[in-house]
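The values are calculated or read from the model by the stated rules, or taken from the named source; none is laboratory data. None of the values given here were measured: they were computed from a predicted structure. Note: accessible area is taken over every heavy atom of the protein model, side chains too, but ligands, DNA and RNA are not part of it. Shrake-Rupley method; radii C 1.70, N 1.55, O 1.52, S 1.80 Å.
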Amino acid sequence: MNVSGSDLLLWVAFPYICLAVFAVGHVWRYRHDQFGWTSHTSQLLEHRWLRLGSPLFHLGAFMVIAGHVAGLAVPASWTDSVGISEHAYHTTAVWAGSVAGVVMVVGLGMLCARRLLTRRIRLGTDRSDKLLFPLLSATVLLGIAATAAHNVFGSGYDYRSTVSVWFRGLFTLQARPEAIADAPLLFQLHALSACLLFAAWPFTRLVHVRSVPIGYLVRPYLVYRRRAVTPARVPAEARARRVA
């Protein structure tokens with residue numbers, strides 16, 4: 001199959017550039033901005049919206065990431081070999097992905113509204129956040145729109161035979177731009193926005209994902225003991241005066 005120059009640019013050069021920026025950017029950020037390697041929490045400024053929005057967003061994000069790993073990194077032949085039919089896989093993926101997407105969108109919407117409507121937080125929004133929130137929102141909404149348009153309300157689209165093949169080819173250094181070149185536009189836009197998100201990742205608060213305290217889940221319990229209260233020692237001269 002003949003591949004045009006624009007396909008090579010969009011589906012080979014551009015993703016590799018974004019992945020290179022992702023890798024080198026993390027090294028640069030760690031070497032030059034370790035004190036900024038945080039989530040930049042604003043909990044002290046407002047906590048009511050954050051208390052619900054943050055767990056919803058993170059739970060939805062974990063579910064979405066797990067779904068993408070299963071859909072993009074796992075070939076269809078593997079699921080077939082363990083007895084999961086194509087129909088069962090797509091039905092589970094569509095409905096589980098829809099639930100995860102809705103949870104993530106609700107959480108992200110609350111976080112964005114909190115940042116826009118709370119004046120103290122809005123004034124503290126830096127340039128990286130002004131880039132991150134629109135880009136993250138666009139990536140999430142494009143993914144949901146692609147799923148809804150083609151696999152919920154449409155006739156169905158088997159992205160594992162196209163988009164997934166292109167995705168795995170990037171990491172095996174066997175790029176297959178033709179696999180995604182004819183994919184529906186929404187899937188293509190979702191893939192391109194995801195590449196941009198990875199390129200912006202090291203320069204935003206998303207770097208805190210690489211510093212999640214996983215060890216906290218398995219570390220031994222800390223035992224706190226109250227210090228025994230001992231009577232204050234009376235100086236010898238004071239005792240002598242008392243006796244006198």
Please list the equivalent ellipsoid semi-axes of the stretch 24-88, computed as the square roots of five times the alpha-carbon gyration tensor eigenvalues, in descending order and whole angstrom.
37, 22, 5
Return one quarter of the surface area of the convex hull spanned by the alpha-carbon atoms of the stretch 138-206, equal to its mean projected area, in nm².
5.1 nm²
Please report Rg (one decimal) and Dmax (integer) in Å for the Cα set of the stretch 1-119.
19.7, 57
Shape descriptors of the stretch 96-157 over alpha-carbon atoms, Rg and Dmax in angstrom, are 14.4, 47
Just the accessible area for E86, please: 1.4 Å probe, Å², rounded to the nearest 10?
60 Å²
Roughly how many percent of the accessible protein surface of the stretch 34-133 is carbon and sulfur, given a 1.4 Å probe and a whole-percent answer?
71 percent
Ordering T162, T91 by the accessible surface of their heavy atoms, 1.4 Å probe, largest first, yields T91, T162
Would you list M63, M110, M104 from the most to the least accessible area, probe 1.4 Å?
M63, M110, M104
Take the alpha carbon atoms of the stretch 38-188, find their radius of gyration, then divide it by 2.2 N^0.38 Å using N residues; give the quotient.
1.22
Of D158, D7, D182, D129, ordered by accessible area with the largest first and a 1.4 Å probe, the sequence is D182, D158, D7, D129
